[in-house]
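Comments concern the structure below.
What follows draws every value from the coordinates through simple rules; no lab data is involved. These numbers come from a predicted model, not from an experiment. No Cβ is skipped: glycine too gets one built from the backbone with ideal geometry, and neighbour counts run over all protein chains shown.
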Amino acid sequence: MDNSKSKIQTKLTFDDNVIKKIAGLASRNVDGGVLSLEGGMLSNLGNRFRSDSDPTQGVDAQVGEQQVAISLNIVIEYGKDMRQVFQQVCQRVQQDLERLTGLEVIEINVQVDDVMSKQEWQAQASGKPNSTVDTENKVK
C-alpha cells in the first residue's frame with residue numbers, strides 16, 4: 001500500500017480589474033495632488049450615463065502570472081510638485097499591489113492629462129460618478 005500523499009497543485013491568479021481597482025484606490029489615496037484619474041474619451045462619455053463610481057477608470061494593467069505593469073492617467077492639483085506627486089503615486093501603487101497580491105510591479109507609467117485648481121475640479125466634477133470615489137473605506 002502506498003502511503004505517500006499526492007501533492008495538489010495550486011495557482012493564484014488575478015483578474016485585470018482587481019489589479020486596476022487596487023492601483024486606482026492606491027493612487028487616489030496619495031496625500032494631496034491627485035484630483036482624479038481620467039479615462040479616455042469613451043470612458044469619459046460612459047461616465048455621463050453611469051450612476052456609480054468606477055475606481056478602475058484611468059487605470060490600465062497588464063497582468064502576468066508573477067508581474068504587473070500599470071498605466072495611470074491623472075489630473076493633478078495646480079500648485080503641487082508634479083514630480084513629487086508622481087513619486088508618491090508610484091510608491092503607493094507598487095507598495096499596495098505587491099503587499100496585497102505578491103505580484104512584482106515592473107513598470108508604472110503616469111500621464112498627467114490635466115492640471116487644475118481644487119475649486120475648478122470640484123465645480124467640473126460635481127455630480128459625476130468618479131468625483132465621489134470613497135478612498136477612506138477602500139472597497140465596499
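Show me 63-74, 25-36, 102-113 ranked by packing, highest mean number of other Cβ atoms within 10 Å first.
Values: 63-74: 18.1, 25-36: 20.3, 102-113: 14.7.
Result, highest mean Cβ count within 10 Å first: 25-36, 63-74, 102-113.
Taking a cut-off of 15 Å between Cα atoms, list the aspartates and glutamates near Lys7, but don't count ones fewer than 8 places away on the same chain.
Within the straight-line cut-off, Lys7 pairs with nothing.
Cα atoms only: what Rg and Dmax, in Å, come out for the stretch 61-115?
Both quantities, over Cα of the stretch 61-115: 12.2, 39 Å.
Give me the net charge of Asn73's neighbourhood, meaning all other residues with Cβ under 9 Å from the Cβ of Asn73; Lys, Arg count +1, Asp, Glu -1.
So the environment of Asn73 carries a net charge of -3.
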